[in-house]
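> Okay, here's the structure, questions in a sec.
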Amino acid sequence: MSEPMIKTNQLTKHYGEIKAVDQLDLTVNEGEVVGFLGPNGSGKTTTLLMLMGLSLPTSGTASVGGYSVIEQSKNVRQIAAMLPEGAGYYDDLTARQNLRYIGELNEIPRDELETRIDELFDMVSLKKWADTKVGKFSRGMKQRLGIMEVLVKKPKIAFFDEPTLGLDPKATKELRDLLIRLNKDYNLTIMMSSHLLYEIQQTCQRVLIIRKGQLVVSDSIANLSNHFDGKDRTSIEFELTKVSSDLIQKLKDIDGVTSVDKESKNKLFVQTNIDKSQEISEAITKSGSTILLMKPKEHSLEEIFLNYYEDD
Amino acid sequence: MTSFLVVCKKELYDHLGSKRFLLLFALILGLSFFSAYSAADSVRNQGTAVFLDIFTSSSSFVYIMFMFGPLIGLALGFDAINRERNYGSLSVLLSQPMFRDSIINGKFLAGVSALSLVAVSTVGMMTGIAIPLLGFGPTPDQIVRIVFFTLITILYLSVWLAIGILFSTITKKITTSMIASVSTWFVSAMLMTTIAMILANLIIPTYSTYGGYGMSRTGDDITVYLGDQVLTGDEANDFMDRLEQQNDLQKTLCMISPSLLYQDSALSILSNNGWYSTGVVYYDFAPPEYDMFVNWPHMTTLAAVLIACFALSYIIFLRQEIRVGN
């Protein structure tokens, strides 16, 4: 198995008395799209800054693409790119000049750089604004420029810190589609933090949830959803040809069924504390209804996320 | 091209296109232009005209640089770092594969290059205007002095650039660094002589501040008149010693001010002050190397201020934490 793209070991960062990141252990593999979640002040941005080699850890180690973020931070920044929260651009330069500057700092040969810049303008649909000063750009256009600045160096991994902040729904969807496309087309490893959990759910294959600087969850959203109810509970979603009050009562009477909720005309959510799917199916069939769909209930990321923060 | 030079190129491009730089540059060029005309006129009317007088006569170029040079130096430096921080471009810049010092080094070199352009072009313009007006040019010896004066001017402007960068590194808000920069310039250029006089009199009081003093000498005997009081003998000698110490202290305190250091050096290089060698006093221009030697403490102090300010900015910048929104 290849080496993980990101690996941290007991990564810790203190700002004076405050523990921003506390003995964080996480792993991200090549080609993954990972959501990095946590409320304000949970240590997400500090972690991303440390992974880019921009902030020195107080203790612990981390590597990105096999390079140590402490001793080889310049190498890390050659293969990794970051779109920080509230990233700024040079308003008095055009979008193309901004990109040239970043390209030159990455020592990309001039001809190659120009070709790459043109490709990127096409990719983010910003070509007609290429020679306009960035000061005239909208928030969404600036965010797209930020994405271009990330991609111009052809990174192996990209960190996005709140990339959809301040974007309207249309721009948010465009950004989401772009990230998914980049991951598929270029096998770009992506680690993104966002408060918009729906976006994470739509974009990411796995989520990392951080709480008070410590990693509390690292799993796919599907697995998290399956395990959301805990060891003692499971939720099943049924779609039936008909749902009667008699059927609901019969299901409630089954030993082990803790609740039955009619979600819509033909839809039921049944919660049990042990696996009772066979008895439930039989009861439905006996009532004269037909099961069109039976699947474990998918919980939203918001539900999962809030579950970890209910005590805070 | 290394990242340091990429940053330098971009910053220089920014400076040369920025309104504030162009405005101050135009102001200095304009004042220098009129100063050259006025000085050339004045020099022509003098019996013993010396080309270098065009830089030192009334409303002189030295005074223009003394007063307005710091403003252009500060204008290029006062928001060099905190502007990047406030606009969120610092973290983008630092996310590129380069070391952090490339940013501050690149910015400093770009500033020095722009200021060199200001100094060389204004001195060149003054010289170019004065030659046809006077009908003669500088002698080779005077050319050496003009070059030397230009280098001191670049050093002086660079000191103010370094002071501006220092304020931009230690303060988060651009307005704070601007106020701090302008205040420093005001104290250095306008108030330092008065402050030095007050401090020197506090440290070594001579009791002559308000009433002044008079002095007469008969042979080795000195008599000092302080209002109604008359000092003679040891008392008078003691008073004169204290007065000399006070003057020395005042001069030393004035050396804190880059503006006064520059003014002293520039006037000393460009003026005919007479000189002394092997027991003979010459009332003529000293050899350039003599003036360099005499001005060496001034120049090393200016260089020391420059190095101290830049080194401090460098260390602080390298140690600063990058936080959200930087």
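> Go through B:Thr150, B:Thr169, B:Thr139 for me and flag whichever is of a type in the set (S, T, N, Q), within 27 Å of B:Tyr262 (Cα to Cα) and crowded, with 20+ Cβ neighbours inside 10 Å.
Step by step, each of B:Thr150, B:Thr169, B:Thr139 is checked, and only B:Thr169 is of a type in the set (S, T, N, Q), within 27 Å of B:Tyr262 (Cα to Cα) and crowded, with 20+ Cβ neighbours inside 10 Å.
> Only one of these conditions is not met by A:Ala62: (1) under 18 Å from the mean Cα position of the chain (by Cα); (2) within 25 Å of A:Ile221 (Cβ to Cβ). Which number is it?
(1)
> I'm checking my understanding of the structure. Among residues of region A:246-267 that are of a type in the set (Lys, Arg) and outside any loop (DSSP other than H, G, I, E, B), which one is farthest from A:Thr234 (Cα to Cα)?
A:Lys250
> To continue, here is another question. In region B:1-44, which residues are in contact with a Gly (Cβ under 6 Å, 6 or more places away or on another chain) and open to solvent by 20 Å² or more (accessible area, probe 1.4 Å)?
If the condition is that a residue be in contact with a Gly (Cβ under 6 Å, 6 or more places away or on another chain) and open to solvent by 20 Å² or more (accessible area, probe 1.4 Å), then B:Phe4 is the only one that fits.
> Would you check which residues across region A:104-135 are of a type in the set (D, E, K, R), open to solvent by 60 Å² or more (accessible area, probe 1.4 Å) and away from chain B (no Cβ under 14 Å) and list them?
Correct list: A:Asp111, A:Glu112, A:Glu119, A:Asp122, A:Lys127, A:Lys128, A:Asp131.
> Of all the helices (runs of 4 or more DSSP H) wholly in region A:136-211, which have at least 1 residues that are in contact with a helix residue (DSSP H, G or I) (Cβ under 8 Å, 6 or more places away or on another chain), within 14 Å of chain B (Cβ to nearest Cβ) and buried (at least 23 other Cβ atoms within 10 Å of the Cβ)?
So the answer is A:139-151.
> Which of the following residues is open to solvent by less than 20 Å² (accessible area, probe 1.4 Å) and either in contact with an Asp or Glu (Cβ under 9 Å, 6 or more places away or on another chain) or β-branched (Val, Ile, Thr) (or both): B:Val123, B:Val187?
On inspection, the qualifying residue turns out to be B:Val123.
> Which of (1) buried (at least 21 other Cβ atoms within 10 Å of the Cβ); (2) more than 20 Å from B:Phe4 (Cβ to Cβ); (3) within 14 Å of another protein chain (Cβ to nearest Cβ) does B:Ala130 not meet, given it meets every other one?
(3)
> Would you be able to say whether some residue in region A:198-211 is among the aromatic types (Phe, Trp, Tyr) and either at pLDDT 90 or above or under 23 Å from A:Gly53 (Cβ atoms) (or both)?
No, because not a single residue in region A:198-211 is among the aromatic types (Phe, Trp, Tyr) and either at pLDDT 90 or above or under 23 Å from A:Gly53 (Cβ atoms) (or both).
> Give B:Phe108, B:Phe99 a once-over and let me know the one that is at pLDDT 95 or above and either open to solvent by 10 Å² or more (accessible area, probe 1.4 Å) or basic (Lys, Arg) (or both).
Exactly one residue qualifies, and that residue is B:Phe108.
> Pairs under 6 Å by beta carbon, first residue more than 12 Å from chain B (Cβ to nearest Cβ) in region A:49-64, partner open to solvent by 30 Å² or more (accessible area, probe 1.4 Å), six or more apart or different chains?
Correct list of pairs: A:Gly60/A:Asn9; A:Gly60/A:Gln10; A:Thr61/A:Asn9; A:Ser63/A:Lys7.
> Continuing with this model, one more query. Identify all residues within region B:61-104 that are in contact with a helix residue (DSSP H, G or I) (Cβ under 7 Å, 6 or more places away or on another chain), assigned to a helix (DSSP H, G or I) and within 14 Å of chain A (Cβ to nearest Cβ); write none if there are none.
The answer is B:Asn82, B:Arg83, B:Glu84, B:Asn86, B:Leu90, B:Val92, B:Leu93, B:Asp101, B:Ser102, B:Ile103.
> Can B:Leu202 be described as hydrophobic (A, V, I, L, M, F, W, C) and open to solvent by less than 30 Å² (accessible area, probe 1.4 Å)?
no
> Output the residues belonging to region A:73-95 that are touching a residue at least 12 places away in the same chain (Cβ under 8 Å) and more than 7 Å from chain B (Cβ to nearest Cβ).
Listed by number, the residues that qualify are A:Ser73, A:Val76, A:Ile79, A:Ala80, A:Leu83, A:Asp91, A:Asp92, A:Leu93, A:Thr94, A:Ala95.
> Out of region B:249-277, which residues are modelled with pLDDT of 80 or more, outside any helix (DSSP H, G or I) and open to solvent by less than 60 Å² (accessible area, probe 1.4 Å)?
Of everything in region B:249-277, those that are modelled with pLDDT of 80 or more, outside any helix (DSSP H, G or I) and open to solvent by less than 60 Å² (accessible area, probe 1.4 Å) turn out to be B:Met255, B:Ser257.
> Could you run through region B:15-60 and say how many residues are within 14 Å of chain A (Cβ to nearest Cβ), without any contact (Cβ under 8 Å) to a residue 40 or more places away in the chain and touching a helix residue (DSSP H, G or I) at 6+ places or on another chain (Cβ under 9 Å)?
2
> Find the residue count for region A:212-250, including only residues that are open to solvent by 40 Å² or more (accessible area, probe 1.4 Å), modelled with pLDDT of 80 or more and either among the polar types (S, T, N, Q) or over 17 Å from the mean Cα position of the chain (by Cα) (or both).
11
> Determine which member of the set A:Asn9, A:Asn29 is away from chain B (no Cβ under 14 Å), touching a residue at least 60 places away in the same chain (Cβ under 8 Å), surrounded by fewer than 22 Cβ atoms within 10 Å (Cβ to Cβ) and under 23 Å from the mean Cα position of the chain (by Cα).
After applying the criteria, what remains is A:Asn29.
The values are calculated or read from the model by the stated rules, or taken from the named source; none is laboratory data. All of these numbers come straight from a predicted model, not from anything done at the bench. As a convention, Cβ positions derive from the backbone with ideal geometry for all residues, glycine included, and neighbour counts pool all protein chains shown. For accessibility, only protein heavy atoms count, side chains too; no ligands or nucleic acids. Shrake-Rupley method; radii C 1.70, N 1.55, O 1.52, S 1.80 Å.
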